[in-house]
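Here the structure comes first, spelled out in structure tokens, and everything after it is commentary.
The values are calculated or read from the model by the stated rules, or taken from the named source; none is laboratory data. All of these numbers come straight from a predicted model, not from anything done at the bench. Here the Cβ positions follow ideal geometry from the backbone for every residue, glycine too, while neighbour counts run over all protein chains shown. Please note that ligands, DNA and RNA were not included when accessible areas were found on the heavy atoms of the full protein model with its side chains. Shrake-Rupley method; radii C 1.70, N 1.55, O 1.52, S 1.80 Å.
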Amino acid sequence: MNREERLNSLKYRYGRKPLAEGAGTGGPGRHGRLGGGRPQNSMETIRRLLGYLKGDTPKLFGAFVCIILNTLGTLLGSYMLRPIINTYIVPADGSRGDAAGLLRALMAMALVFVVGVAANYLQARIMVDVAQTALRKIRNDLFGKMQSFPVRFYDTNSNGDLMSRFTNDVDTIGMMLSNTLVQLFAGILSIIGTLFLMIYTNIWLTLVTLAMIPVMMKAGGIVARQSHRHFSAQQMSLGAVNGYIEEMITGQKVVKVFCHENTVREEFDLLNEDLRDNQIRAQFFGGIMGPVMGNLSQVNYSLTACIGGLLCIFRNFDVGGLTVFLNFSRQFSRPINEISMQISNVFSALAGAERVFAVMDETPEPEDAADAAEMKSMKGDVALSHVTFGYNPDKVILKDVSLYAKPGQKIAFVGSTGAGKTTITNLINRFYDIQDGSITIDGVDIRHIRREDLRRNIAMVLQDTHLFTGTVMENIRYGRLDATDEEVIQAAKTASAHSFINRLPQGYQTMLEGDGANLSQGQRQLLNIARAAISKAPVLILDEATSSVDTRTEKHIEHGMDRLMADRTTFVIAHRLSTVRNANAIMVLENGEIIERGDHDELVAQKGRYYELYTGLSELE
């Protein structure tokens, strides 16, 4: 694979190019991407952004009034130079200047400019408040929407890419709302006002200035189109870099174990170089807008000065008028330059906004059925009947699976990796919906149970531990937020975590950060088990719950696990078959089908697949 192909592969994996629906592997994984890059519908994106400003309409009105005052102050103050020059400096009748009158006129002009400056300061304060309020709403909507997405969404999108939308993309929106909108409105207002005063001052010089406008607009349009394209590419490359960094930091131990440091550096260098190239092009075209427009403005200024001087000599055009017009000529070009320079910011913000809205427009979990049952408590009678399911509809993972678990029973799933064990537990939680068959709890199809009630009655201990930033007690209490301190301590004792917690510097008040980086993997898992223990859920799912615990610790917590599973319907996934010997029923899965079922003794006596797995493990042990 050459360098370009390798880069495209990395950008495809860590960037935003969406795969076709259903593409990817047969199981959950990061095989899809949200759309992004070049805005597809700028007007719709602008409409949605303006929707976040509706609540601050009075403030916006006040800000626009301040912009008008600032613009009028600037224009009026500039025009006051004409009567000042013609009356107090170079009087038309050839008399000497009037110093006292000049001082009074200058003070009046200064007062006008002070009003404009004050108005400009006030509008800046208002727009910062309006922009930050809008950003707060956008972040709330984005974060709230993400809480409604199904697990599939997180299985198929890079965490780094999602974080990029929360940070980089939202920040570009903030810059546009606080600065760009104001400058665009002020620029347009300034152009209109300046043009009116230019016509009033001298129509012929105005025509000279207007003749340069098409040239300036054409040049600005060319640069703006290139800037738009490269800013979109920059945002895409930035998201790819963020996604790659996030994944490599998370998997740093794996990188080191397999000595892939050099490969990772090379791949990051490819993405980083691509980001650099796109940023150079984006910043270049964004940066040259000002110089290009400025140089054209200087050409316009020179032509106006030459022709204006001739008018003063041959057409009795007053010196004050020429001075004011030259000033207006610069003022007329300045807002055009500013508007042109802001175009790149607008395109960057629209690209970011569209990426943010792309997340908001993702399909959330379907609403609960209208006849969904409200089940605050359950007994834990679980049954799967002829369940067929595939993460990709074209590739079936589970094939006609049927089983049941009576309240208080312990059901174990064993089998090869990829046989469908974890998939069954995902379906019981309704993280995914089945294509065929039914899953019932207490005789009610889970599709007719409110998701909140369903998941509140199911506790899970996963193979991958996750602890939140907070104290040990807060992390355990996450399983049931209304639990008392005494209940938290009892849950820790149940999970055999109490003793090691007491040895921590502040005991249960020890602060955990970085996903519990100051704890061992086994200790983190014990806290997860304690979190499940504090839950009153009648259904318990243990997905390789003790895989990160050494054999000695596993033996130590067996009694605690038994207490945890007492009176609960428990589904256990385990590779250590010694942990499922006492299960009421063991399901052996291969290729998505249950090929054997029974208790430990029955399956060993059959000398089938379970016997092979068990005796193979015994020999290894």
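In region 121-136, the residues that are under 15 Å from Leu69 (Cα atoms) reach residues that are surrounded by 14 or more Cβ atoms within 10 Å (Cβ to Cβ) and among the basic types (Lys, Arg) with C-beta atoms within less than 8 angstrom, at least six apart or across chains, in these pairs: Ile126/Lys59. Among the residues of region 308-322, those that are open to solvent by less than 60 Å² (accessible area, probe 1.4 Å) and more than 18 Å from Leu195 (Cβ to Cβ) comprise Gly309, Leu311, Cys312, Phe317, Asp318, Gly320. Return the residues of region 88-144 that are of a type in the set (Ser, Thr, Tyr) and either surrounded by 15 or more Cβ atoms within 10 Å (Cβ to Cβ) or at pLDDT below 90 (or both); say none if nothing qualifies. Residues satisfying the conditions are Tyr88, Ser95, Thr133.
Residue count for region 146-157, restricted to those that are open to solvent by 50 Å² or more (accessible area, probe 1.4 Å) and of a type in the set (D, E, K, R): 1. Any chance region 300-307 includes a residue that's within 29 Å of Leu162 (Cβ to Cβ) and buried (at least 19 other Cβ atoms within 10 Å of the Cβ)? No, region 300-307 has no match at all.
Residues considered: Gly390, Gly420, Gly415. Of these, the only one that is in contact with a strand residue (DSSP E or B) (Cβ under 7 Å, 6 or more places away or on another chain) and closer than 28 Å to Gln147 by Cα is Gly420. Count of region 466-507 residues, restricted to those that are open to solvent by less than 20 Å² (accessible area, probe 1.4 Å) and either among the aromatic types (Phe, Trp, Tyr) or in contact with a Cys (Cβ under 7 Å, 6 or more places away or on another chain) (or both), is 1.
What are the residues in region 414-449 that are among the charged types (D, E, K, R) and open to solvent by less than 70 Å² (accessible area, probe 1.4 Å), if any? Scanning region 414-449 gives Lys421, Arg430, Asp433, Asp442, Asp445. Listed here are the helices (runs of 4 or more DSSP H) enclosed by region 96-214 that have at least 3 residues being among the aromatic types (Phe, Trp, Tyr) and more than 30 Å from Arg430 (Cβ to Cβ): 181-201. Among the residues of region 277-291, those that are surrounded by 19 or more Cβ atoms within 10 Å (Cβ to Cβ) and aliphatic (A, V, I, L, M) comprise Ala282, Met289. Checking the stated criteria, Gln331 turns out to be over 30 Å from Met163 (Cα atoms), among the polar types (S, T, N, Q) and either touching a helix residue (DSSP H, G or I) at 6+ places or on another chain (Cβ under 8 Å) or open to solvent by less than 30 Å² (accessible area, probe 1.4 Å) (or both). For region 320-336, filtering for residues that are over 16 Å from Thr206 (Cβ atoms) and at pLDDT 80 or above leaves 1.
Restricting region 391-413 to residues that are open to solvent by less than 50 Å² (accessible area, probe 1.4 Å) and under 36 Å from the mean Cα position of the chain (by Cα), which is modelled with the lowest pLDDT? It comes out as Asn392.
Here the condition is being of a type in the set (A, V, I, L, M, F, W, C), at pLDDT below 90 and out of contact with any Asp or Glu (no Cβ under 8 Å at 6 or more places or on another chain); of Ala532, Ala574, it holds for Ala532 alone.
Filtered by the rule that a residue be closer than 30 Å to Asp442 by Cα and open to solvent by 10 Å² or more (accessible area, probe 1.4 Å), region 527-547 gives Asn528, Arg531, Ala533, Ser535, Lys536, Pro538, Asp543, Glu544, Thr546.
Could you tell me whether Pro291 is in contact (Cβ under 8 Å) with a residue 24 or more places away in the chain and not polar (S, T, N, Q)? So Pro291 does not fit the description; no. Testing Thr551 on (1) open to solvent by less than 80 Å² (accessible area, probe 1.4 Å); (2) at pLDDT below 90, one condition comes back false. Which one is that? The single condition Thr551 does not satisfy is (1). The C-beta contact set for region 297-314 (first residue free of Cβ contacts under 8 Å to residues at least 12 places away in the same chain, second residue in a helix (DSSP H, G or I), distance under 6 angstrom, 6+ apart or interchain) comprises Cys312/Leu322. For region 418-475, a residue qualifies if it is within 17 Å of Ser535 (Cβ to Cβ), among the basic types (Lys, Arg) and over 27 Å from the mean Cα position of the chain (by Cα), and exactly one does: Arg456.
Counting only residues that are in a helix (DSSP H, G or I) and open to solvent by less than 80 Å² (accessible area, probe 1.4 Å), region 570-604 holds 7 of them.
Residues are listed down the side, and each one gets a yes or a no for (1) open to solvent by 60 Å² or more (accessible area, probe 1.4 Å); (2) over 30 Å from Ala134 (Cβ atoms); (3) within 32 Å of the chain's Cα centre (by Cα):
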site	(1), (2), (3)
Val170	no, no, yes
Ile173	no, no, yes
Leu177	no, no, yes
Ala186	no, no, yes
Ile191	no, no, no
Leu195	no, yes, no
Thr201	no, yes, no
Thr206	no, yes, no
Gly221	no, no, yes
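When the residues of region 233-276 are filtered to those that are of a type in the set (Val, Ile, Thr) and within 23 Å of Asn168 (Cα to Cα), the one that is surrounded by the fewest Cβ atoms within 10 Å (Cβ to Cβ) is Ile249. The C-beta contact set for region 490-503 (first residue free of Cβ contacts under 8 Å to residues at least 60 places away in the same chain and of a type in the set (A, V, I, L, M, F, W, C), second residue open to solvent by less than 60 Å² (accessible area, probe 1.4 Å) and part of a loop (DSSP other than H, G, I, E, B), distance under 6 angstrom, 6+ apart or interchain) is empty.
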